[in-house]
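Everything on this sheet refers to the single structure shown next.
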Amino acid sequence: MLEEIIIPNTITVHLGRPDSPAENLTVDFLYYVKNVASSEIFPTWPYEALKANIWAQMSLVLNRVYTEWYRGRGYPFDITNSTAYDQAFVKGRVIYDTISEVADEVIGQFLQKPYYREPFYAEYCDGRIASCPGLKQWGTLDLANRGNSAIEIIRYYYGESMQLHDTDNVQDITPSYPGYPIRLGAQGQYVFIIQELLNGIAVNYPNIPLIYPPDAIFGSLTESAVITFQKQFNLAADGIVGPATWNQISRIYVAVRKLAELGSLGRLEGYFTGLFTGKVLRRGDVGIEVQQLQYFLSIVADAYPSIPAVQVDSRFGSGLERSIKAFQQEFGIPSDGLVGAVTWNLIYETYAALIQNA
C-alpha cells in the first residue's frame, strides 16, 4: 500500500481476467482514463454525467494503484480490463472527443471520504444489464438531464459526505516495500507503517499484540507482533519484515479495513496524532479509533485516581464507558459516555500535556 496518492505517468493493464494468460499493456495514464470512459459511457451524454462517471472511474483505478491490489499479489500489472474485477479497456479503441475534453479537464481529481487517506473505491455498474450498490451509469444520465451537477450526482450515489480532491503528484508507480528487510533495532517511517498496519489488523486478529504507543522503533513488542502475524498467515516466523511479510501485512490490512470496497472503514488520516476522525464512539464500537482512545485515556487514568484504569483492546465495552463517564465528570462536561469531538479532543489534550510534562 502506498503512502501517498499519485497520478501515475503510466499504468499496466492486463487484457483479461487476473489469472488468464493475456497481454499486459503499458499505456499513458490519461489515455487509460479516456479509453475506459470511451468504452463504458456514451460521448453524447450531458457534460455533468460524463464528469461524474470519469471521477468514479478515475477514483477506482487510483484505489487499485494505492492499495497495490495486483502488484502486492505478485502480478506484473496494475489493473485488468475485466469488468468482473475492474473496468473496461479496449486496446486500440477510438477515443471520443467530448470524453477526451472532459478527461483533460478533470485529470488528477478523485473522490475521497472525510478522514480517509485512500482514494475512494467508487464501485459502479451500468445499472441496466448489471446491478450494484454504487453508481449506476445510466442513472447518471437521468440525473444530469434533471439538472443535477456532477458532484450532486456523485453524492446521490455515494453519500453527502463524499469529497472531491485533486493532486498534481504525477510520478511513476514504485513499490511501497523499501527494498530492504526491516528487523529488530530499526527505526523510522517504515517501522511506524508496520506498527500502524499491524494494529489495524489486530482488531480482527486479537492474537496479534497491539503495539502501543506506535513509536517508529522496532523493539521486542513489534517483533512479537510480526512473528505472531507471520505464524497466523503461514509465513516464515523470523520476526523480519521482508518483501513477503510486507506485502502480506499490506494485503491483510486492505482486506480488514475494506479499503477496496464501497463500504471502506478507511485508512485513517493522521493516525495516532490525536486527530478526531469525525466518528462519535460509543459502547459496542470496535476498531482503530477505539484503540487510540483507550491508549490516550489509559495515560490520563494513571494520573487521575477518579478515572478507572483502561485496557487497550480495540473494543468499547462497559469498562471503557465507565472510564469515559468518569473522565467527563472529572472535567465538567456532559457525562453521557459518548466520545464526540469535545470529549475526544479534551482527552487528547490532557494526554498530550501529561506526556509533555513527564
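Inspect all residues belonging to the range 104-118 and state whether any of them is over 20 Å from the mean Cα position of the chain (by Cα), over 22 Å from N9 (Cβ atoms) and in contact (Cβ under 8 Å) with a residue 40 or more places away in the chain. Taking every residue of the range 104-118 in turn, none turns out to be over 20 Å from the mean Cα position of the chain (by Cα), over 22 Å from N9 (Cβ atoms) and in contact (Cβ under 8 Å) with a residue 40 or more places away in the chain. Can you find even one residue in the range 304-312 that is assigned to a helix (DSSP H, G or I), modelled with pLDDT of 95 or more, touching a helix residue (DSSP H, G or I) at 6+ places or on another chain (Cβ under 6 Å) and over 30 Å from K258 (Cα atoms)? Within the range 304-312 (the criterion being assigned to a helix (DSSP H, G or I), modelled with pLDDT of 95 or more, touching a helix residue (DSSP H, G or I) at 6+ places or on another chain (Cβ under 6 Å) and over 30 Å from K258 (Cα atoms)), the answer is no, since none of the residues qualifies.
Taken as a whole, the range 119-126 holds at least one residue that is part of a strand (DSSP E or B), touching a Lys or Arg at 6+ places or on another chain (Cβ under 9 Å), surrounded by 20 or more Cβ atoms within 10 Å (Cβ to Cβ) and modelled with pLDDT of 95 or more. Among the residues of the range 313-326, is any crowded, with 18+ Cβ neighbours inside 10 Å and under 22 Å from V226 (Cβ atoms)? Yes, the range 313-326 contains at least one residue that is crowded, with 18+ Cβ neighbours inside 10 Å and under 22 Å from V226 (Cβ atoms).
Matching residues to (1) among the polar types (S, T, N, Q); (2) on the phi < 0 side of the Ramachandran plot; (3) assigned to a helix (DSSP H, G or I); (4) not assigned by TED's automatic domain parsing to the domain that holds K113:
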| site | (1), (2), (3), (4) |
| --- | --- |
| Q248 | yes, yes, yes, yes |
| L262 | no, yes, no, yes |
| Q292 | yes, yes, yes, yes |
| F296 | no, yes, yes, yes |
| V300 | no, yes, yes, yes |
| S323 | yes, yes, yes, yes |
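Selection of the range 43-95 for residues being of a type in the set (S, T, Y) and either closer than 12 Å to Y32 by Cα or surrounded by fewer than 21 Cβ atoms within 10 Å (Cβ to Cβ) (or both) yields T44, Y47, Y70, Y75, T80, S82, T83, Y85. G317 meets each of the listed conditions (1) modelled with pLDDT of 95 or more; (2) under 23 Å from Y115 (Cβ atoms) apart from (2). Within the range 135-159, residues that are closer than 8 Å to A49 by Cα and modelled with pLDDT of 95 or more reach partners that are crowded, with 18+ Cβ neighbours inside 10 Å and among the basic types (K, R) with beta carbons closer than 6 Å, at six or more positions or on different chains, in the pairs A150/K51.
Per the listing I99, I95, the residue uniquely touching a Lys or Arg at 6+ places or on another chain (Cβ under 9 Å), among the β-branched types (V, I, T) and under 18 Å from E48 (Cβ atoms) is I99. Of the residues making up the range 43-83, just one is of a type in the set (G, A, S), in contact with a Lys or Arg (Cβ under 8 Å, 6 or more places away or on another chain) and within 26 Å of Y116 (Cα to Cα), namely G72. Report whether or not Y177 is of a type in the set (S, T, Y), over 30 Å from Q294 (Cα atoms) and assigned to a loop (DSSP other than H, G, I, E, B). Criteria met by Y177.
Among the residues of the range 214-235, is there at least one that is touching a helix residue (DSSP H, G or I) at 6+ places or on another chain (Cβ under 7 Å), surrounded by 18 or more Cβ atoms within 10 Å (Cβ to Cβ) and touching a residue at least 60 places away in the same chain (Cβ under 8 Å)? No; the residues of the range 214-235 include none that is touching a helix residue (DSSP H, G or I) at 6+ places or on another chain (Cβ under 7 Å), surrounded by 18 or more Cβ atoms within 10 Å (Cβ to Cβ) and touching a residue at least 60 places away in the same chain (Cβ under 8 Å). Within the range 175-199, being of a type in the set (S, T, N, Q) and under 17 Å from the mean Cα position of the chain (by Cα) holds for S176, Q195, N199.
Confirm whether G270 is of a type outside the set (D, E, K, R) and at positive phi. Answer is yes for this residue.
Okay, residues lined up against (1) aliphatic (A, V, I, L, M); (2) over 14 Å from the mean Cα position of the chain (by Cα); (3) buried (at least 19 other Cβ atoms within 10 Å of the Cβ); (4) within 26 Å of F229 (Cβ to Cβ):
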{"site": "T245", "(1), (2), (3), (4)": "no, yes, yes, yes"}
{"site": "R257", "(1), (2), (3), (4)": "no, no, yes, yes"}
{"site": "A260", "(1), (2), (3), (4)": "yes, no, no, yes"}
{"site": "T277", "(1), (2), (3), (4)": "no, no, yes, yes"}
{"site": "V280", "(1), (2), (3), (4)": "yes, yes, no, no"}
{"site": "Y304", "(1), (2), (3), (4)": "no, yes, no, no"}
{"site": "P308", "(1), (2), (3), (4)": "no, yes, no, no"}
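Residue check: G274 meets all listed conditions (1) part of a helix (DSSP H, G or I); (2) closer than 30 Å to S161 by Cα; (3) touching a residue at least 60 places away in the same chain (Cβ under 8 Å); (4) in contact with a Phe, Trp or Tyr (Cβ under 6 Å, 6 or more places away or on another chain) but one, namely (1).
The values are calculated or read from the model by the stated rules, or taken from the named source; none is laboratory data. Just so we're clear, the structure is a prediction, and the values are computed from it rather than from any experiment. Cβ: placed from backbone, ideal geometry, glycine included. Neighbour counts: every protein chain shown.
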